[in-house]
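Down below is the structure, laid out as structure tokens.
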Ligand code: SF4
């Protein structure tokens, strides 16, 4: 049963922002990771950060095999482009860690939960290089382990896709060369070669501000009103030359649409953000597989348009969403039952294709895990198979 309601003000997380700013977090950061598993109702859950979004063919195979051998034979994608294995049995954490380590997916075990980054999936080598360098810098510093598992970097190639994902620190390729650093509604221009160090310095500025505030903020937007993030001083200490850019707005572009892009790239979405190990393997052969924060994959570097179209047909046959006009494009869901004890319903079984123009997110409770940014139709379970529908986020 659906109870339709008129468009509402932004979702409760946004409505409560002033409340969040004043709140002192009382609990430690319990974000799951690849080494710190989360005990869920359907077994343990491992969340693997893929900071640049790029998986090698071998890493794809290792993850698919791990989900078969240790988990439930599926992989879930998150709204930050992370990959989750669910249904892990008791005592398999060490075995999973060995597999991930050998595949090069755990370059620094102490930092595995702070490598939170979203990167434009179609980015070229320059912007991809920023992301890889920023990840290496993050993993090279002791102090970065103080960041929470929720603190997010975005590295955008200028098209404005990941810049719209409300990251704490955004690096953006500027239209005529150069790099922009965006933090707490302020922007600086820096040299491209300095961009990764600038982003790291901004994270340091946030941590300093969070310590001064003493409220236990995990994210920039959780700092108390008036608490300055002194990015300029931290850039100076890092010897990064930066020029303030007044009133610079972040570009707003959309995600890569499913289908063939250009002459040799394919983009697909995973229905409700989940794939079987067989589907995951069906992404190969590929030079690399890029995981997107829209719960999809991009395969660049295919041998021309005809080859890309052939791969798209094969991936359609494997059960991926391959067309923008698919009714499942833009439909997402939280884990729901049986994986989440908080869920009032089996959300993934209840989720239906989209009817309106907005993205639709189905949730088993009011936490709305993994909901999209921007305007979206919100379906929240109120009981077994019953949902309340509202429109959330800015609608203009
Ligand atoms: S939205 Fe609620 S039911 Fe769904 S995964 Fe999050 S906590 Fe669980």
Note: the chain at 4 °C, 1.567 mPa s; Kirkwood Rh on alpha carbon pairs; Stokes-Einstein D in µm²/s works out to 60
In nm, to one decimal, how far is the modelled label at residue 185 from the one at residue 140, with both set 7 Å along Cα→Cβ?
3.4
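Would you please give the FRET efficiency between residue 193 and residue 278, computed as 1/(1 + (r/R0)^6) with r the Cβ-Cβ distance and R0 = 30 Å, to the nearest 0.05? Let's see the in-between values first.
Values: r = 43 Å, r/R0 = 1.43.
Using R0 = 30 Å, I get an efficiency of 0.10.
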I'd like the per residue volume of the convex hull spanned by the Cα atoms of the stretch 63-195, given in cubic angstrom.
127
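For the stretch 242-300, compute the orientation-averaged projected area of the C-alpha convex hull (one quarter of its surface), in nm².
Values: hull surface 26.1 nm².
Averaging across all directions leaves 6.5 nm² for the Cα convex hull.
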Run the simple label-point estimate for residue 248 and residue 56 please: 7 Å along Cα→C-beta, distance reported in nm.
3.5
What residues from the stretch 262-289 fall in the zone where the backbone N is under 17 Å from a label point 7 Å along the Cα-to-C-beta line of residue 306?
263-265
Once you treat every alpha carbon in the stretch 38-106 as an equal point and sum by Debye, what is log10 I(q)/I(0) at q = 0.14, 0.16 Å⁻¹?
-0.36, -0.48
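Per 0.36 nm of contour for each residue apart, how much would the distance between residue 241 and residue 42 grow if the chain were fully extended, relative to their Cα-Cα spacing? Could the numbers behind the result be given before it?
On the way: separation 199, 0.36 × 199 = 71.64 nm, distance 5.03 nm.
Gain on extension, residue 241 to residue 42, equals 66.6 nm.
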Within the stretch 33-59, backbone nitrogen closer than 18 Å to the virtual label 7 Å beyond the Cα of residue 346 toward Cβ:
41-43
Please list, by residue number, everything in the stretch 147-163 whose backbone N is under 20 Å from a paramagnetic label point 7 Å out along Cα→Cβ of residue 233.
147
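No value in this document is a laboratory result; all are computed from the given coordinates. This one's a predicted model, so the numbers in the text were calculated from it and none came from an experiment. Positions of Cβ are generated from backbone atoms using ideal geometry, with glycine treated the same way; all protein chains shown enter the neighbour counts.
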